[in-house]
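Student: Please find one structure pasted underneath; my questions will follow.
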Amino acid sequence: MADNVYIVGTDMIRFGRFDDLGVPEIGAEAALLALDDCGLAISDMQALYCGNLGEGMTGQKILALIGQTGIPVVNCTNACATGATAFREGWAAIKAGIHDLVLCVGVEKMPRGMLVRRPAGFEPVPPEGLIGSGTMPAVFSHVGMEHMRQYGTTFEQFAKISVKNHHHSTLNPKAMYRKETPLEMVMEAEMIAYPNTKLMCSANVDGSAAAILVSERKARELGLMDRAVKVRASALTSDPYSERNLAMPDVNSATRLAARQAYDMAGLGPDDIDLIELHDCFATAELVHYENLGLCRDGEGGRLIDAGETALGGRIPVNVSGGLLSKGHPLGATGIANIYEVATHLRGEAGARQVAGARIGMTHVVGLGTACAIHILEKA
Amino acid sequence: MKMDTYSVMDSIDARGRQGATLYTHIGDDGSAWLEGSRCAACGTVYTGARTSCGRCFARDGLESIRLGATGKLYNYTVVYRSYPHIKVPFVAAIVDLDEGGTIKGNLVGIDPDPARIPFGLPVRVIFRGAEEAIGEQGEGFVAHFFVPASEGEA
């Protein structure tokens, strides 16, 4: 494939609730922040890749606010992998030589309350509560319970994930919540679906994030290599057949497949990664992804969290931003917000939560249905 | 099974009701069953009707079958928070059927306590009015539920 692809500008708004702003307004804010991060203007952009689930023609609405330059706009939806899919589409366009300077934006305003997985067909009766449960907490509790079944992982080990990520968020000024949640508080919070308590569910927030991707040739021409972050690998998978797929969404197979492809593309292994932002939509999810991404052997996820290896200062810090659990999870924005976080560490600009000496990082998201996107980034 | 007393573990007479899922079928005698498909090429069993196989990609040869009525509890969660009209807590279960296929549904007839529900529990598939789980939304429909296999056999 052709030229290397670099991130030269990236930023996100502080996640929160923005009742007085629309989706385009929130998205426009992140786009302008990312442009300012590298000193470029909307008139420099050759295409816009926009990830958003709730609105429609979101990218065009953003351009209507910040500059109607007539460039191609691609609007993407891919469940919780939406933002990362938009980013990957931008990367692919540069790799293909179609563009050499593109803007990627992820944005979401979240409805209040509980998300339910949309049934596949036209069910005669809404299946929720009748044919088991399709709420996200229940789906990801099944993920955790399967791990308990196979390896004896405990409720307490899953709860420790939440303690860790909430702690990390106290160091991140862009996180929605910045409160410590001791283990007892997490375990004694309202049980939503066993073993996930309310404090083990991702924070329901609005947000946006953006990234500007350029070809190496263009980055050098513009003199933007100083803070540039190289995209060493981009992988996107759907769920390969697995035995219980129809009854139980499978987040593991798609992640394992994407991880293998990403490591191969980068010519790297798990030991080479200095930090990871992974899809902790629920505490149970983060633990299984330790194994899916190869951070430890199968069955050792519980030991990893017990030993503090994935905490800031540990062997392989995971979700130092506070993760979806505390920074927040605005679906379409999450994938690019992860990329912003890792890029910020690689640039050495992450302040109090900086992973010391970070050179290579990984981002991972899973959208149920299923889509998995993984990117490996490296400081230029 | 004792047939002289009406047990909560028995299936209802489903005549006059509609299946709660697209794969719930009701016979003229009021009995209900779940429809599945089996791939003739690789043997994979699916819930409901299908025209091609997701595993081996065969495009024909999927035969319609009746899914089995016994299985083992592969996985579950106890759901404590759901929509307002749904009775909680309930056990959202994933069951591997003995004759092939995996289906989801509610496990009833057992204390919804994670400490007391063992993985691998043998279960039976029964059919009850959907209103028992979701109130008036379920009236006129029949749905499958799982019960521990030991229940109702005393």
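The values are calculated or read from the model by the stated rules, or taken from the named source; none is laboratory data. These numbers were taken from a predicted model, which means no experiment stands behind them. Note: ideal-geometry Cβ built from the backbone for every residue, glycine included; neighbour counts use all protein chains shown. Side chains included, ligands, DNA and RNA excluded: accessible areas come from the protein's heavy atoms. Shrake-Rupley method; radii C 1.70, N 1.55, O 1.52, S 1.80 Å.
Student: Please enumerate the residues belonging to segment B:76-98 that are in contact (Cβ under 8 Å) with a residue 40 or more places away in the chain and under 14 Å from the mean Cα position of the chain (by Cα).
Tutor: So the first thing to find is which residues in segment B:76-98 are in contact (Cβ under 8 Å) with a residue 40 or more places away in the chain, and the list is B:76, B:85-87, B:90, B:93, B:95, B:97.
B:Y76, B:A93, B:V95, B:L97 - these are the residues of segment B:76-98 that are in contact (Cβ under 8 Å) with a residue 40 or more places away in the chain and under 14 Å from the mean Cα position of the chain (by Cα).
Student: Of the residues A:K109, A:K61, A:K95, only one is in contact with a Pro (Cβ under 6 Å, 6 or more places away or on another chain) and either modelled with pLDDT of 95 or more or basic (K, R) (or both); which?
Tutor: On the way: A:K109 fails: in contact with a Pro (Cβ under 6 Å, 6 or more places away or on another chain); A:K95 fails: in contact with a Pro (Cβ under 6 Å, 6 or more places away or on another chain).
Residue meeting the stated conditions: A:K61.
Student: So B:E136 fits all but one of (1) at pLDDT 95 or above; (2) out of contact with any strand residue (DSSP E or B) (no Cβ under 6 Å at 6 or more places or on another chain); (3) more than 8 Å from chain A (Cβ to nearest Cβ); what number is the exception?
Tutor: With respect to (1) at pLDDT 95 or above; (2) out of contact with any strand residue (DSSP E or B) (no Cβ under 6 Å at 6 or more places or on another chain); (3) more than 8 Å from chain A (Cβ to nearest Cβ), B:E136 is out only on (1).
Student: Just to be sure, is A:V116 touching a strand residue (DSSP E or B) at 6+ places or on another chain (Cβ under 6 Å), open to solvent by 10 Å² or more (accessible area, probe 1.4 Å) and modelled with pLDDT under 95?
Tutor: On the way: touching a strand residue (DSSP E or B) at 6+ places or on another chain (Cβ under 6 Å): yes; open to solvent by 10 Å² or more (accessible area, probe 1.4 Å): yes; modelled with pLDDT under 95: yes.
The answer is yes for A:V116.
A quick yes/no check of all residues on (1) more than 22 Å from B:I12 (Cβ to Cβ); (2) open to solvent by 80 Å² or more (accessible area, probe 1.4 Å):
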site	(1), (2)
B:H25	no, no
B:S31	no, no
B:C42	yes, no
B:S52	yes, no
B:R55	yes, yes
B:A58	yes, no
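Student: Quick one: count up the residues across segment B:130-154 that are closer than 21 Å to B:G30 by Cα, surrounded by fewer than 16 Cβ atoms within 10 Å (Cβ to Cβ) and either among the hydrophobic types (A, V, I, L, M, F, W, C) or in contact (Cβ under 8 Å) with a residue 60 or more places away in the chain (or both).
Tutor: 1
Student: Name the one entry in A:G83, A:G70, A:G9, A:G90 that is surrounded by fewer than 17 Cβ atoms within 10 Å (Cβ to Cβ) and either at pLDDT 95 or above or not in a strand (DSSP E or B) (or both). Please lay out each step first, then the result.
Tutor: Working: A:G83 fails: surrounded by fewer than 17 Cβ atoms within 10 Å (Cβ to Cβ); A:G9 fails: surrounded by fewer than 17 Cβ atoms within 10 Å (Cβ to Cβ); A:G90 fails: surrounded by fewer than 17 Cβ atoms within 10 Å (Cβ to Cβ).
From the options A:G83, A:G70, A:G9, A:G90, the qualifying one is A:G70.
Student: Follow-up question, since we're still on this one. Just a yes or no: is a residue in segment B:62-70 closer than 22 Å to A:Y194 by Cα and not acidic (D, E)?
Tutor: First pass over segment B:62-70, keeping only residues closer than 22 Å to A:Y194 by Cα: none.
No, segment B:62-70 contains no residue that is closer than 22 Å to A:Y194 by Cα and not acidic (D, E).
Student: Follow-up. So which residues in segment B:60-94 are at pLDDT 95 or above, surrounded by 22 or more Cβ atoms within 10 Å (Cβ to Cβ) and of a type in the set (G, A, S)?
Tutor: B:G71, B:A92, B:A93
Student: Being facing chain A (nearest Cβ under 8 Å) and part of a strand (DSSP E or B) is the filter here, so list the residues in segment B:70-94 that pass it.
Tutor: Answer for segment B:70-94, where residues must be facing chain A (nearest Cβ under 8 Å) and part of a strand (DSSP E or B): B:Y74, B:N75, B:Y76, B:T77, B:V78, B:V79, B:F90, B:A92, B:A93, B:I94.
Student: Evaluate the following for A:R315: is it open to solvent by 10 Å² or more (accessible area, probe 1.4 Å) and within 21 Å of A:Q150 (Cβ to Cβ)?
Tutor: No; evaluated as a whole, the condition is false for this residue.
Student: Can you name the residue in segment B:100-129 that is closer than 20 Å to B:A143 by Cβ and open to solvent by 40 Å² or more (accessible area, probe 1.4 Å) and is also nearest to the other protein chains (Cβ to nearest Cβ) among such residues?
Tutor: The selected residue is B:K104.
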